[in-house]
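Notes for the one structure printed next.
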Amino acid sequence: MKPRVELDAALDHLGAELNHWLCRVRHEAQFWPQFTALSRTILDEAETWDRLHVLYRLDTMLERHGKVPVMRPRRSGSFNRSG
């Protein structure tokens, strides 16, 4: 398991790469498998108490690039469906 500072560094790197991927991908279906695999790796390295933090960072990253994140609980505990 990685500490939050290392998770944030991995998320920052993923976010920086996102611009390049979206410019080069021919079809959106090519984007999702790569993003899912890399984001899953980061999530799997997170301690239980850091997983919501990672999920919110991933959702924010996707929203910033016009992608619709999956349904996740808000920090208050209620559910938010984007899209």
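Kindly rank 54-64, 27-37 from highest to lowest mean number of other beta carbons found within 10 Å of each residue. Don't jump to the answer; show the numbers that get you there.
Details: 54-64: 16.8, 27-37: 11.3.
Ranked from most to least packed, the peptides come out as 54-64, 27-37.
Taking H as built 1.01 Å from N, whose amide H comes closer than 5 Å to the amide H of residue 67, not counting residues under 5 places away?
So residue 67 has HN proximity to no qualifying residue.
Values quoted throughout were computed directly from the atomic coordinates according to the rules given, and no laboratory measurement underlies them. Just so we're clear, the structure is a prediction, and the values are computed from it rather than from any experiment. Please note: Cβ atoms are built from the backbone with ideal geometry, for glycine as well, and neighbour counts cover all protein chains shown.
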